[in-house]
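Read-outs: derived from the displayed coordinates by stated rules, not from any lab. All figures in this text were calculated on a predicted structure; none of them were measured in a lab. Don't worry about glycine lacking a Cβ; one is built from the backbone with ideal geometry, like all the others, and counts go over all protein chains shown.
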Amino acid sequence: MKKLIEYFVDKSTVVNLFSFLVLVLGIYSAYTLQKDIFPQVEFDVILIRTDYPGSSSEDVEKLVTLSVERALKEVDGIKELNALSAEGSSIVYLTVDPDAKISKVLDDAKDAIDKINDFPDEVEDPKVSSLSNKNRRGVIKVAIKGAEYTRIREVSKKLRDELELNKKISLVDIDGYREDEIVALLDPKKLEDNEVTLTEIAAAIKKSNMNLSAGKIKAVEGDVYIRTLNEFNSVEDVENVVVRSNSEGKKVTVKDIAHVVQRPIENSVLGRSNGEEALFLDIKIKQSSDILETTDQIKETVHAFFENSDYKDIKYDLLDDASYYVSRRLNVLKENGIMGIFLVFGCLLLFLNFSTSVVTSLGAPMAFMTSFAIMQAFGMTIDLISMFGLILVLGMLVDDSIIVAEHFYQKLEAGIEPREAARQSAVETFKPVCGTIITTMIAFGALFFMGGIMGKFLWPVPATVMICLVASLFECFFILPAHLADFVRLKKEKQWRITWYKPVLVFYGKVLKKVLNAPAITVSFFIMLFLGSVFFAKTMNFELFPGDDVRTVFMQFKGRVGVDQSVTANEMLKVEKMLINEFPRNEVQQIQARVGLLAGEQGNKLGNHYGSIVIYLTDPVERERTTDDILNTALEKAQSLVSSEYQITVKKIQGGPPRGKPVEIDIKGESIADLKAVSHKIEDALKEVKGVTTTEIDFEEGNDQVIFKVKEDEARRLGLDVQTIAFELRRALAGDTITEIRRSDEDIDIKIKFDDRWIKDAAPLLDLSILNSSGRRIKLGSVVYLEKHPGAFVIRRLDRKRIFSVSASLDKAVTTPTRVAKEFAPKVKEITSEYEGVTFKFGGENEDTKESMGGLIKSFLIAFSLIFIVLVVMFNSVGNTLAVMSAIPLGMIGVIWSFKFFGMSLGFMAMMGVVGLVGVVVNDSIVLVECINEFRKKEPDLIRAIFKGCLSRLRAVILTTVTTVAGLLPVAHATGGDPFIKPMAMSFAWGLAFATAVTLIFVPCQYIVFEKLSNFFRKKEDKVAIGIAQELDVIERETEESILHTEVEA
């Protein structure tokens, strides 16, 4: 390695040419690297959806969900099974064990589901898929409004077709689009008058819609293909279907017994934008598409489309622009990167000369350019997470260059020729610099072992940091020395630099003398301060992710099951008008309403009693009120406007990995009655907790069920069976698809059912006629009797047990999920203890926090262990290693008190900053201890070596600290910026500022204490000469004079 370093020092032309090529390639890579929202990951979740149209939630649970659960028992690798049985559909979520391979679990689940053979005939084929963000990423929405539904539907389809011509777009969904259906609405009286049954009508319609190839005949002129063609194209074709005819020419057609209509599917989701009926184009892009470039193209296409005068009656808005977050963080990276480089340069100028400061500070952009080229070569993207890593490493990139440059500076002060000084400084600092880089890479590399969904999302952070550090190491030893040799020369002394630095050095010398007089007391003081800070931290708020970096909020409505959709729509419209009229545009930009849909963590729920209003807020820096303040006001006003039958909750949409509700209490048991009672008691108690804004129980009482019980003896006597009766009853009400009209852009289902105008209760159904095995018509009322039972709208099961969830939204300025979980748990335990077999656990964000912090602690332990091994190998001394590593936990003192001073909550992002802090604190300690060890070879006792070593390395330690802090303070405190990464910058910058004092004071004291303790176990001839601290006055003057004797100036 020495020869390689010397080669690059002597070959300036090669180094300069290589530097130019790296800059060109790096700049090109920076502009061409694919931009994305998040890294593309699998979510370790498998979704199994099975539709059973027209069935109650109890039937879905019994006939579908339980069969799915039984089939999945044979599948390995399932961590959690969460099943949702609703009216007409079963949704099963499988959480895959982190140690299992999701592709294998997915294949095994598909095989298990395929083996199920006891589904009812009407159950549609289950759809099994894994959830990920790899394909079809939604990046922006277009709201189209301003005209009647038919007009905006027509325009939406044209715009969709125009957008899908772009090869970077994978799919454009039209939310709120209601597909047409053709329904024969049957009149029970006309059925009876014409003596026609539902089975006959369904069979006639199905058999009349035919397009079937019959083969070919060989004619003289060639092959002629024969086919039977009688396809439906319109409502008239359905109306004219002959159900029955006789030899006299009399016939009964569909229009004789039914009113046939083409209409949008009933109870579809209705959309509104700012109170106007609207459709929403949800635009998704391909995996390989650049989000910034493609979003710009989408905007250009949309704007150009509506410039056409044919669409002057249509209004449109752009919503949910995901590229905003990428652009914002990219701007933070660029602006703070440039600002950081200038701040670093200014800090260097305080200690070093102009040319040394310029050459050293250019190490950061050189390392960044190299990193961009490497990232592109490895197929990485510039996304919100990788940019987080780049911002995190911003202040660290010049640390190793500072060590080399400062050592070079000392060589020049000693009168050594620049090229030889560059050679010696690079060779002599290679070991400690490599040690600092390796330990920092270990600290971040341990994040690869976090596991879980958080680990999958965060892998670009350690990857990016490690790439940048390797690039920085390369620049430090193969580019920097040659530039130092070429551009830095010894010139006259610059008195002002000595004037300001001398008092700092003198002050540190005096402090160091005092603490070295009482090292045990100093070490004890820092330990007590650390323990007190940790105890104090337990009283602070903890927040998994920053709570106010939110621009999208769901206001969710849930009314009485069975209510008409128009009622829900009218209630929601009151709130929409309030949001539009009473909130200024610098707070609420847009609102989007979806009537009939409830967006939730377990997928979207459909029902006439559901509704969601999506509130698009402005950037937090553009408004005076916080997100929670706005939501609390909006919620209070909304609750005063709508009927008491509707429950309103709010849900903030935050970036990053999927996570649960702020408070979620899962209650398990077998008895639905007990679960109901417990959940209502818990909800009542939860409403009294300070800071709780809304509460919700996920169980919903369904409509009453009328059970048609078959008199099997009588049915058999009359030539009927239970299945025939059930199918005929289902045809009357469910509206199952019989056949369809196929068109190029959509298929239109054809259905039959009784006209709702004639069926207000179960009584008319008893007059329904059913054909028996002999062709006779039997009245349904003669073979059944009726029973009434209460029903459930949604039934949840967790790990094969019924479960209710009580959830709550919080005002995080008042309380946090972890505090509520801790303080409210005894009350929940008291309530559940009254009911046998009922258990509970806190899920949601509290569970996410435990899992994420558990993964982070695991990473810390791995990092500590590996760093310890590396340092032992490096120093060949356990004592030196402990002296270095003892500074790591003490860095948390600065983190805790800085967050308290600025009124911020500790959280996962702050802990991510601590990971970076570990690396830099170790770096400074390594440099200090390595220098002390060098002086121990020259000095007669330990105290002299420590004192001289500490004063000698003061400038290097301060430089690495000040430059790192300077690089991160703009991120932590600049107006605007990215709230998501501010906690990280805060913990890193202020933690490091305090850790510097730990390094300069605690480490030398810890060094002495360890050596004193070791002397007790050494033989007399092996004991280390500690020295007398009182003799340091003379050494102090000599050391200060030797350090300050010369300055190098450009």
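Here are some notes:
- The stretch 346-472, relative contact order in percent, only Cα pairs under 8 angstrom and at least six apart counted: 39
- Peptides ranked, highest mean first, by Cβ atoms within 10 Å: ranges 288-301, 366-379: 366-379, 288-301
- Relative contact order computed over the stretch 550-653 (Cα-Cα under 8 Å; 6+ residues apart), in percent: 44
- Three-way shape label, the stretch 657-751, alpha-carbon gyration tensor, a/c 1.5: oblate
- With Cα atoms as the point set, the stretch 42-132 shows a radius of gyration and Dmax of 12.5, 40 Å.
- Average 1/r across all pairs of distinct alpha carbons in the chain, invert it, and you get the Kirkwood radius: 33.9 Å.
- Lysine-lysine proximity count for the stretch 42-132, Cα under 21 Å, sequence distance 8 or more or distinct chains: 19
- Global geometry of the stretch 1-96, whether rounded, prolate or oblate, following the gyration tensor of its Cα atoms and the 1.5 cut on a/c: prolate
- Positive-end ranking of 679, 102, 352 along the dipole of the chain, with charges on Cβ about the Cα centre, is headed by 352.
- Mean residue ellipticity (222 nm) of the chain, computed from DSSP H runs ≥ 4 via -39,500 (n - 2.57), nearest 500: -16500 deg cm²/dmol
- Nearest-ten-degree value, helix 291-306 long axis tilted from longest Cα axis of the chain: 40
- All lysines inside 24 Å of residue 411 as judged from Cα atoms, apart from same-chain residues fewer than 8 positions distant: 2, 3, 11, 431, 491, 492, 494, 502, 937, 938, 948
- Pairwise Cα distances in the stretch 170-291 exceed 21 Å for 63 percent of all pairs.
- Global geometry of the stretch 562-619, whether rounded, prolate or oblate, following the gyration tensor of its Cα atoms and the 1.5 cut on a/c: oblate
- At most 14 other Cβ within 10 Å, DSSP loop - trypsin sites (Lys or Arg not before Pro), the stretch 910-991: 937, 938
- Distribution of pairwise C-alpha distances over the stretch 550-653, 5 Å bins, in %: 2, 13, 26, 25, 17, 11, 4, 1, 0
- Normalised by the number of residues in the chain, the average gap of Cα pairs under 8 Å and 6 or more apart makes the relative contact order 17 percent.
- Max-minus-min Cα coordinates of the stretch 364-498 on each principal axis give 58, 29, 23 Å, with the largest extent listed first.
- Taking 22 Å as the limit for the C-alpha separation, the pairs 189/753; 574/760; 207/251 exceed it in the case of 574/760.
- 0 to 90° range, to nearest 10: angle between helix 892-901 axis and the chain longest Cα axis: 70
- Sorting 43-56, 530-543, 455-468 by average packing, meaning the other beta carbons within 10 Å per residue, from highest down gives 455-468, 43-56, 530-543.
- Loop-resident sites, the stretch 796-853, for GluC sites (Glu not before Pro), counting at most 13 other Cβ within 10 Å (DSSP): 834, 836
- Protection-proxy order for peptides 672-681, 172-181, each taking the mean of Cβ atoms within 10 Å per residue, highest first: 172-181, 672-681
- Axis of helix 722-733 versus longest Cα principal axis of the chain: the two differ by about 80°, to the nearest ten degrees.
- Neighbour-limited loop hits for chymotrypsin sites (Phe, Trp or Tyr not before Pro), the stretch 885-941 (at most 14 other Cβ within 10 Å; DSSP other than H, G, I, E, B): 902
- Across every direction, the projection of the convex hull enclosing the Cα atoms of the stretch 411-466 has a mean area of 4.8 nm².
- Net dipole in debye of the stretch 42-132 [+1 Lys, Arg Cβ; -1 Asp, Glu Cβ; about Cα centre; nearest 20]: 200
- From least to most packed, judged by other beta carbons within 10 angstrom and beginning with the fewest, 693, 95, 816 follow the order 95, 693, 816.
- Eligible lysines near residue 312 by straight Cα distance, threshold 21 Å, same-chain separation 8 or greater: 141, 145, 157, 158, 299
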